[in-house]
Structure formats: structure tokens, C-alpha cells
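Taken together, the values in this text are just the output of simple stated rules run on the coordinates, not laboratory data. No experiment lies behind these values; they were computed from the predicted model shown. With ideal geometry, Cβ positions are generated from the backbone for all residues, glycine too; neighbour counts draw on all protein chains shown.
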Amino acid sequence: PTMDGGGGGGVERSLPDADLNEGRPAHHIPGGKARQSIIDRTDENHPRIEKAFQKYFYRADPPSEEQELPSSTTTTATEEEQSTDENTDTTTTTTLKPNPKHEFEIIVCHANVIRYFMCRALQLPPEAWLRLCIFNCSLNYVTIRPTGTVSCRLLGDIGHLGHEHSTFSMHHGFNW
């Protein structure tokens, strides 16, 4: 199914993914003595949530390479890498063409899962997930480049909500 916001392009909508369901994604450090039931629940949920992370967070395909025949001039607005063959005295230019396709995944899930995803995506210890605090209905934006570099563009942004609609852990506003 697709959702069309009036622009005619449509957005593909996926069926709900049970791997994104709420759960304790990882043990946390530092942490005090945890009840056995918490440890068991975390051990049960972690593989499922990690599977979801692997499914949705990955590097984009690298730019395609196009070999050009040796020539005296090459003009492109893309990255170029030149190599010279010492035996034949010719220069070959490899032009990296940018991939015009950008992928956007919109994931709607519980804050515990989002916090875990953010730690994993930023290559931080996943056990630090409880150190992040995000409001309900917040926007989070991660960029993953083909080179493997990752940037967090937004974390817990609620600028689209009025103060009266901002909540965290059953508390309204910023009074928690």
C-alpha cells in the first residue's frame, strides 16, 4: 500500500513489523542489581530488537564506477580518480557517479527501541540506551552514508508539538 501526500509520488507503507515491538533491548551499564525477571526479559527481547536494527540500518550502495576511455580532457562534477599506466603512457579516469536514489525509512516504535537503535547506529555501547531521553512522538533522524559514516541529525525533537502535548513516561510537559 502507498500513502500519497498530494505530491503524486506516494510513499510505500509496510505492514507492522513485530520485531519493532516494545521491549528491553539491552542490559544497561552502569546498573545496580537487577531482578532476575528483568534479566530474563532483556535476554528474550534483545535478539528480536537487534534483528530489527540489522534490517533497517545499513550502508547505502556505494557510487557506481564508470571507466572512461583515455582522453585528453575529462570534465565532470563528480569525484575522479586517475591512474597512469607506466608501460603504455596512458591515463585512465574512473569517475564515481553519485547514486541519485536516497532511501528514507520512517520507523514508528517505542522509545526503548529507538534509543537502542541510536546507540547502535552511532557505534556507542548499546548498554548506554537508558542514558538517552526522548519524548513520546519525537522525531529522530540518522544519516548513514555509503562510506559508513553516521550522523545523528535529530534526537528527541518535539518542536512539532505544543507544550501541552509533550509527554514522557506518562508525565506531561517538562515536569518529570
Note, region 148-165: 3J(HN,Hα) by Karplus (6.51, -1.76, 1.60, θ = phi - 60°), whole Hz, Gly/Pro = x, goes x, 6, 10, 10, 9, 8, 9, 9, x, 6, 10, x, 7, 10, x, 3, 5, 9
Förster-model FRET efficiency, 30 Å R0, Arg41 and Ser151, C-beta, rounded to 0.05: 0.40
Theoretical gain in end-to-end length, His165 to Phe57 [0.36 nm per residue, Cα-Cα removed]: 35.9 nm
Highest first, please rank the peptides 149-162, 46-59, 125-138 by the mean number of other Cβ atoms sitting within 10 Å of their residues. 125-138, 46-59, 149-162
Between Asp157 and residues 5 or more places away or on another chain, which pairs have amide H atoms under 5 Å apart, with H built 1.01 Å from N, and which residues are they? Leu139
Once phi for every residue in region 117-122 is put through the Karplus expression 6.51 cos²θ - 1.76 cosθ + 1.60 (θ = phi - 60°), the whole-Hz ³J(HN,Hα) values, with Gly and Pro written as x, are 4, 5, 4, 5, 5, 8
